[in-house]
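Chemist: Before anything else, here's the structure in question.
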Amino acid sequence: MHKRLCRSVVAVAVSVCGAGALAADDLAARVQALAKQHPLLIDTTTIGTSRQGRPIVVMRVTNRGPRADDGPPPPAPEHRPALLIVAGLDGRHLVGADVAMGLAEELATKHAGPLHRATVYIVPCLNPDARAWTLDGKHPKMDFGRGQSPIDADRDRRTSEDGAEDLDGDGVVTLMRVRDPSPGSGLRAEFVIDPDNAAIVRRPDPAKGERASVALLAEGIDNDGDGRFNEDGIGGSAGGGVDLDRNFPYRWPEFADGAGPFPLSEPETRALADWMLKAQNIAAVVVYGPGDSIVALPEAGKLEPDGTTPTGIENDDKTQYDEIARLFKDATHIAEATPADRPGSLHGWAYAHYAVYAMNTPLWVRPDQIKKPEPKREEVKGDTPEAGDKPEAPVPPPAPKPIALDDAERAEAGLASHESEAQPPAPGGGRGGIRRGGPPGAAPPTPAGGDKKQGDDANWLAYDQERVKAGDPSGFVPWKPFNHPQLGPVEIGGFVPGFRLNPPAGELPRLVSEQAAFAIGLMGRFPRVVVGEQRVERLGPGLWRVWVRAVNEGPMPSLSAIGVKARRHLPTIVRLDVPMERVISGDRVNRFWSIPGSGGIADSEWTIRGDAGSEVSIEVAPSIGAKTIVKLRLEEAAR
Amino acid sequence: MNRTVLRALAAGLLAASPSLAQPDIPGKVPIAFNRYYTYAEFESHLKAIAAAYPELVELRSLGKSLEGRDLWLAIVNSPKTGPHTSKPAMWIDGNVHGNEIQAGEAVLYSIWYLTKAYGQVPDLTKLLDSYSFYFLPSQNPDGRESWFRDPHTSSSSRSNLRPVDGDRDGLFDEDGPDDLDGDGQITQMWKKDPSGRFLRDRADPRVFVQVEPGQRGEWTPLGQEGIDNDGDGRINEDPPGGDDMNRNWPSDWQADYVQFGAGLYPFSNPEPRAIGQFILSRPNITAAQSYHNAGGMILRGPGASYRESAYPGSDRAVYDQIAAKGEDILPYYRSLVIYRDLYTVYGGFVNWCAEGLGIFSFTNEMWTAGKYFQRDITNPDDKRMWLFRDRLQFGLTFKDYTEIEHPTYGKVLVGGLNKWSSRVTPAFLLEEECHRNFAFTMYHADQMPLLAFERVEVARAGEGLWRLTAEVRNQKLIPTRGAWAREKGIGQHDLMLCTPAEGVSISAAGYPSSWLDQRMSPVRHEPGRLQLAGGIPGQGSVIFRWFLAGPEGGKVTLRYEAEKAKTIERDVVLEPTP
């Protein structure tokens, strides 16, 4: 029995990136198995319970064993600067949890050394209900990854009464295109079928004399007979439920679709925020979810209307962010990705309110969005040890350049938004549902010099062909005629939900090692405030001047610019344990809001009275990290 | 005189009695409103009222405060006209800031007066038959209790008691003011100092006067009573609490570094969370008042300039009309806007109610200097204020200076005006202040929507075809859905249901622009279930029209439903209206 259990544990452990990946809802078992396999490196805490009662687990990956060398004993895990990884806010983004699990395993097996000095917290899935729903196989695949709280999206006093349906019974909810919709159908033709590629529906080009002839909407019927299709329910234009990544207090998009009734209204988001606010050692947060905020960094120096909250990042954090972005690009070679939506997001909150470096990455992008530096590749030709690990990115065929639909256009069409766009589905203005749009500026910014290529249907179709050639199932359902009970003849087709967010399982090992390299690099930059030189000088009988220097040996400043602004952390505190009546000059409590990185110093100086030969005690407590107590003897021959 | 005549006379007298009886409306629970009550005393008064008027009052605890006190809510409703959930309701609370105590008495007074008036005062009886009320006397019982119990100033004990590390030294609430002279108050410290900039007034040594430049003084102010409790060289730098629970609400909430006291996140404190959950569960809440002190203000949102668009013209007109009446009801009070006339507030309670939930909300800052002398002296000078303190309050708001030995400063004088000396309505004026504010909120409540079928007409439109036109009027100022609520999709649409009986069917429906309009803008879908995103405007109406197929004498039922109005229904017979 015991043997059998062991074998099964091993079997599960090796399958962290294997058969179960991206396909099975067995995450909780995998977490426990991994923790059992690495008892000195991984333990778990349940920080809350999802709406449907599933546990929300944090894995703590840190080395609780003895040091291999004879250096000083490592600080307690809760005092080691920590990296927090959160995945699975969106049930469609399955790759997040799998990479997070793989990361835990890779760190535990290959990087136990650095884990004496740093801790990595991993929340592999913040939204276990949505993941379970995506993977339960009990319903057609749909473009829906939110929490399942029912919401009356169209305010008509009926809740979730008109979602999308799999009309053609192919197991997938895609799109319907209606040619020349008749008067009274309530539909308006706004698109054309691309003459060069009939799979693509796009805006007409008036310069070429093209005329709109096609209406687009999600697959389904008008269930409630209000003349609108799929306007209130799962898979429709306004999907009901709460998008966990729009439910955080930072720039909370009040009234926007999926934002929830108030910030942290969901048990999952609140559990995470409460747990994070109690943790004292988190120095950076990386969120695995649709959308990017590293390859294209948020704008620096812009403020919200309140005049204080940053819209993107603080000016003085840009240098550090540039370094973080460089680490990330070196590890992943991702050159472009759709920007992550910021209002109400976890990464936005973790930066602007929680006040640590924070970012969002989709982990995986289309191969043509990856750019390995050309000259380097030629120089090292096959010598790089990584060359074997990393599959060469297939070179995409020259893509045709039809005009793709942008989010606004999709919203107008009453369509589910492009899933690879971070922007959650916006309800349609006309038929699609009432408009509950966020404030102006809620739309993701277009990266400087970028275009909409990444959201481009043609590129995805080209990539899909590559995948089919490699033996993977297609991620596109070809348009097929269907006799719609309410609309008459339509065509049904489009991308399979989740296709544009998740890689083939074979790419997981590469993604895991990329993220491990990034995580190790990031932890290497953490601030490390230590006690430097100390001096005692005799000024007169029983009168002394005392200095203590704190030095930050890590590359990052002891607190980021946002950390200094937000003051959620304590400053680095240097506290002199001498009664006030003996202090002639200097503050008993010295506060250093930020000590620059790479050797930045913070000196404290006091004049005190005391008997020669007596000892004074000084505590140096960094914002993030373990505190040190220094004992100084009041004597002539100072060190 | 025979008996019948006598009875008729008596009936006449009785009918006339409310106006005659105005000086005394007998109530079952005697409560004096020339004094203040602790939260524990509030609890017993509330329980007594609920016990005396069980048919009108349901006392409910919304949850517990941080220190475990019940957040008592009194639901006041006349069940014979329907459950409280079936009527538009007004939310009335006070005392979110623990030190702003008369706000609590104003709410208690309102419950007390309204319950005893029901059945005796026709206007208030009618009001309570039309609407329901949610009264929460204190949003911050811990802060209120501490203000009475512990040494305080008129401004301290504003927050709840969640420990906050105000001076960011890793210690929580470790250095607040201390009652050094043991009088139960926090007053001021003065140090005799040859280079001081103050002198004691020769005529009145209670007054410290700043000297002219070049002149020498004798005294230096050292701030509030207190010592350096944590030995860090600073005094009173980290007092108890710190979260301002009127900054802890979801709409336009900003982090603590933008606005000190915001809390960790919206609803991070148990009191706002419990209150917020209840308000979210009651979409029939249509109007709200949240009492504060002080300044004599009738305030509406927004709390920040960039949110002014949350008050579209038609909504603003409603606010302006109600507030204008308030200025008449409440002498020396002014109608103001929070961000423009007071200061910027992010995540305030009435901002959430108004901007987040579409509830027409005011916050009254009770008590103002104009009330001291009630003439044209709206800003009494020092001399008059001492007259008030000496001759009207008999010196009770001043603590004479006594010398104490301070551990850091040596001999200092401790004394001055105590916590009752400002912001709080003087007790002998409290009842009037409560009554006027109560009267204003009752006027506000009386502007909640009240719907009626104003005109319903059937005309023959062809062989077996009938034209039914119906007008629904809202007699009050507040619309069933405000313009902001409509714009942002707050709450659910109103519904006009037209249900034909057997043998009748709806052929078409729409909205004529007026009774003279022969045509209508058509509704293509669900003609028996018309959705009105904009509801029925304040003091306005909407006209509906259906074409019905059916025999003469056929029947339909019209029913108008709104979250913020009582449902109305009308049976209609298909026959030409004379």
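Each reported figure results from applying straightforward, stated rules to the coordinates on display, with no laboratory input. Since the structure is predicted, the reported quantities are computational estimates derived from the model, not experimental observations. A quick note on method: Cβ atoms are made from the backbone with ideal geometry, for glycine too, and the neighbour counts reach across all protein chains shown.
Chemist: Size of the dipole of the range B:451-573 about the Cα centre, Lys and Arg at +1 and Asp and Glu at -1 on the beta carbon, nothing else charged, in debye to 20? Can you show the working numbers first?
Modeler: Details: 17 positive and 14 negative charges, 71 e Å.
Using Cβ point charges on Lys, Arg, Asp and Glu, the range B:451-573 gives about 340 debye.
Chemist: In peptide B:246-257, how many Cβ atoms from other protein chains are near each Cβ within 10 Å, on average?
Modeler: That works out to 5 on average.
Chemist: Which FRET efficiency value, to the nearest 0.05, is calculated for B:Arg559 and B:Gln374 with the Förster distance at 60 angstrom and r the Cβ-Cβ distance? Provide the component values of the computation, followed by the final result.
Modeler: On the way: r = 51 Å, r/R0 = 0.86.
Given R0 = 60 Å and the Cβ-Cβ separation, E is 0.70.
Chemist: May I ask you to sort B:Ile227, B:Ile536 by Cβ crowding, counting other Cβ atoms within 10 Å and putting the fewest first?
Modeler: B:Ile227, B:Ile536
Chemist: I would also like to ask the following. Averaged over B:259-265, how many beta carbons belonging to a partner chain fall within 10 Å of each residue's beta carbon?
Modeler: On the way: counts 2, 1, 0, 2, 0, 7, 14.
Averaged over the peptide's residues, the number is 4.
Chemist: Considering only Cα-Cα distances, which of the following residue pairs are longer than 26 Å: A:Lys138/B:Lys488; B:Lys383/B:Lys419; B:Lys126/B:Lys476; A:Lys318/A:Lys627? Show your work: numbers first, answer last.
Modeler: Working: A:Lys138/B:Lys488 35 Å; B:Lys383/B:Lys419 20 Å; B:Lys126/B:Lys476 14 Å; A:Lys318/A:Lys627 28 Å.
From the list (A:Lys138/B:Lys488; B:Lys383/B:Lys419; B:Lys126/B:Lys476; A:Lys318/A:Lys627), the Cα-Cα distance tops 26 Å for A:Lys138/B:Lys488; A:Lys318/A:Lys627.
Chemist: Let me ask something additional. For peptide A:259-267, what's the mean number of Cβ atoms from other chains within 10 Å of each residue's Cβ?
Modeler: 4
Chemist: Could you pull out every residue, at least 5 positions away or on a different chain, whose amide H is within less than 5 Å of the one on A:Lys141? Hs are placed 1.01 Å off N in the peptide plane, and Pro or chain starts have none.
Modeler: Placed amide hydrogens put A:Val172, A:Val173 under 5 Å from A:Lys141.
Chemist: Which aspartates and glutamates, if any, have their Cα less than 17 Å from the Cα of B:Lys191, not counting same-chain residues under 8 positions apart?
Modeler: Of all the aspartates and glutamates, those that pass the test against B:Lys191 - Cα under 17 Å, at least 8 places apart if same chain - are B:Asp178, B:Asp179, B:Asp181, B:Asp201, B:Glu218, B:Glu225, B:Asp228, B:Asp400, B:Glu403, B:Glu405.
Chemist: Whole-Hz Karplus ³J(HN,Hα) for the range B:211-219, in order, using 6.51 cos²θ - 1.76 cosθ + 1.60 and θ = phi - 60°, x for Gly and Pro?
Modeler: Per-residue couplings from phi come out as 7, 6, x, x, 7, 9, x, 10, 10 Hz.
Chemist: In terms of modelled amide H atoms, which long-range or inter-chain residues lie less than 5 Å from the amide H of A:Thr49?
Modeler: So A:Thr49 has HN proximity to A:Ile56.
Chemist: Tell me, what HN-Hα J-couplings in whole Hz come from the Karplus equation 6.51 cos²θ - 1.76 cosθ + 1.60 at θ = phi - 60° for each residue of the range A:289-300, using x for Gly and Pro?
Modeler: Residue by residue, the range A:289-300 yields x, x, x, 10, 9, 10, 4, 10, 6, x, 4, 9 Hz.
Chemist: Once you have the Cα-Cα distance between B:Glu55 and B:Leu429, take 0.36 nm times their residue separation minus that, and quote the gain in nm to one decimal. The partial results should precede the final answer.
Modeler: On the way: separation 374, 0.36 × 374 = 134.64 nm, distance 3.17 nm.
So the extension gain works out to 131.5 nm.
Chemist: May I ask for the net charge around A:Gly169, where only other residues with Cβ less than 13 Å from the Cβ of A:Gly169 are counted and Lys, Arg are +1 while Asp, Glu are -1?
Modeler: -3
Chemist: Under the rule a/c < 1.5 gives rounded, and otherwise a/b versus b/c splits prolate from oblate, where does the range A:181-269 land using the Cα gyration tensor?
Modeler: prolate
Chemist: Another question, if that's okay. Among B:Asn474, B:Ala509, B:Leu495, whose Cα sits farthest toward the positive end of the charge dipole of the range B:451-573 (+1 at Cβ of Lys/Arg, -1 at Cβ of Asp/Glu, about the Cα centre)?
Modeler: The Cα lying farthest towards the positive end belongs to B:Asn474.
Chemist: Provide the net charge surrounding B:Phe440, with neighbours chosen by a C-beta distance below 10 Å and charges set as Lys +1, Arg +1, Asp -1, Glu -1.
Modeler: Details: positive: B:Lys325, B:Arg436; negative: B:Glu327, B:Asp328.
Taking every Cβ under 10 Å from that of B:Phe440, the sum is 0.
Chemist: With a 10 Å radius around each residue's Cβ, average the other Cβ atoms per peptide and rank A:614-626, B:433-445, highest first.
Modeler: Working: A:614-626: 20.2, B:433-445: 22.1.
The packing order, highest mean first, is B:433-445, A:614-626.
Chemist: For the protein assembly as shown, what ratio Rg/Rh do Cα atoms give with a Kirkwood hydrodynamic radius?
Modeler: We get a ratio of 1.02 for the protein assembly as shown.
Chemist: Moving on. Starting from the 7 Å offset along Cα-to-Cβ, what nm value, one decimal, do you get for the label separation of A:Thr49 and B:Glu457?
Modeler: Using points 7 Å along Cα→Cβ, the separation is 6.2 nm.
Chemist: With unit charges on the beta carbons (Lys and Arg positive, Asp and Glu negative) and the dipole taken about the Cα centre of the range A:529-633, which residue among A:His569, A:Trp544, A:Ile595 sits farthest to the positive side?
Modeler: A:His569
Chemist: Considering only the other residues whose Cβ falls under 11 Å of the Cβ of A:Gly312, what net charge follows from Lys and Arg at +1 and Asp and Glu at -1?
Modeler: Here the charged neighbours net out to 0.
Chemist: Using only the Cα atoms, work out Rg/Rh for the range B:500-578, with Rh taken as the Kirkwood radius, to two decimals.
Modeler: 0.96
Chemist: Output wanted: per-residue J couplings in Hz (rounded whole) for the range B:371-383, from phi through Karplus 6.51 cos²θ - 1.76 cosθ + 1.60, θ = phi - 60°, x for Gly and Pro.
Modeler: Values per residue, Gly and Pro as x: 7, 4, 10, 6, 10, 8, 9, 7, 9, x, 7, 3, 4 Hz.
Chemist: Rounded to the nearest 0.05, what FRET efficiency is calculated for A:Glu605 and B:Arg216 with R0 set to 35 Å and r the Cβ-Cβ distance?
Modeler: E between A:Glu605 and B:Arg216, to the nearest 0.05, is 0.45.
Chemist: Mean residue ellipticity at 222 nm from the helices of chain B, using -39,500 (n - 2.57) per DSSP H segment of n ≥ 4 over the full residue count, to the nearest 500 deg cm²/dmol?
Modeler: -7000 deg cm²/dmol
Chemist: Per-residue counts of other Cβ atoms within 10 Å, averaged by peptide: what ranking do you get for B:325-333, A:297-305, B:508-516, highest first?
Modeler: In descending order of packing, they fall as B:325-333, A:297-305, B:508-516.
Chemist: Okay, next question. How many angstrom lie between the Cα centre of the range A:284-354 and the Cα centre of the range A:60-117?
Modeler: Distance between centres, Cα-based: 22 Å.
Chemist: So how far apart, in nm, are the two label points at B:Gln321 and A:Ala68 if each is 7 Å from Cα heading toward Cβ?
Modeler: Rounded to a tenth, the inter-label distance reads 8.0 nm.
Chemist: Ranked from highest to lowest mean number of other Cβ atoms within 10 Å per residue, what is the order of the peptides B:86-94, A:571-579, B:470-478, B:408-416?
Modeler: In descending order of packing, they fall as B:86-94, B:470-478, A:571-579, B:408-416.
Chemist: Run the numbers for B:Asp165 and B:Ser281: contour at 0.36 nm per residue of separation, minus the present Cα-Cα distance, in nm.
Modeler: 38.3 nm
Chemist: Using the beta-carbon distance between B:Asp123 and A:Glu299 and R0 = 35 Å, what value does 1/(1 + (r/R0)^6) give for FRET efficiency, to the nearest 0.05?
Modeler: After rounding to 0.05, the efficiency reads 0.05.
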